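Student: The structure's right below; bear with me while I get my questions together.
Values quoted throughout were computed directly from the atomic coordinates according to the rules given, and no laboratory measurement underlies them. Every value quoted in this text rests on a predicted model; they were computed, and no experiment measured them. Cβ sites come from the backbone with ideal geometry, for glycine too, and all protein chains shown count toward neighbours.
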Amino acid sequence: MQIRKRKGSLNFYSLLIQQMEVIRDAVEALCQYCAEPTQEKGDFVKTKEKEADAVRRELVEDINRTFITPIDREDLFRLSSSVDDLADYAWTTVKELRIYEIEPDEHLQQMAGTLLEMANGLLVCMENLEKNQAKVYEEATRVKKLENTLNVQFHRSIAELFSSDDLKKILKYREIYSHMNHASDKGDASADILLDIIVKL
């Protein structure tokens, strides 16, 4: 991915959109891997995670060298860091599936699908942050509800997992499921930060 070159004053709203687009793509790539766990699809998740890191570094550098930002500097940093974790967890999930030599199951596919809905909602928030705070409130609230949905899916998957007598399977899949749960926590935290931001705008 080519990071867009900026001319003149920085538009932090555009930078947040750019970052969230790549993160959404990373989560979408995870969903595709869960449906068809090929080497190529797994590697693509890693590629998108690295792109997300690159965009975040660029954004942080811009925050550090800009005297005045349209959003509180600390909020900008917190938001950028929080959403970046979604891409990190996407790649960690693929990486550990490979390490443990296990396949994505239907529970993981379901949770990854919910996480993608959250990522899409956060992208809508970024796209409307500058001029439509009512839409941001609507989508951020929806993202928080999706976190509850994923939490239910997580506990259901754990309950089914522990009905098995295969200890190795339990330990491996519990770790993988936990990545999805932690990622949803980060999505929820990102929604909270966005709600804080629109109060200040």
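Student: How about region 68-119: which GluC sites (Glu not before Pro) there are in a DSSP loop, with at most 12 other Cβ atoms within 10 Å of their Cβ?
Tutor: Loop-located and lightly packed - E101.
Student: To continue, here is another question. Only Cα pairs under 8 Å and at least 6 apart count here; give the relative contact order of region 34-167 as a rounded whole percent.
Tutor: 25
Student: Tell me the mean residue ellipticity at 222 nm calculated for the chain from its helices only (DSSP H runs of n ≥ 4, each -39500 (n - 2.57), averaged over every residue, nearest 500).
Tutor: -29500 deg cm²/dmol
Student: Shifting gears a bit: For region 118-141 and region 53-82, compute the distance between their C-alpha centroids and round to whole Å.
Tutor: Distance between centres, Cα-based: 18 Å.
Student: So which of K41/K172; K48/K186; K50/K144; K50/K95; K41/K145; K95/K135 end up more than 24 Å apart by C-alpha?
Tutor: Violating the 24 Å Cα-Cα cut-off are K50/K144; K41/K145; K95/K135.
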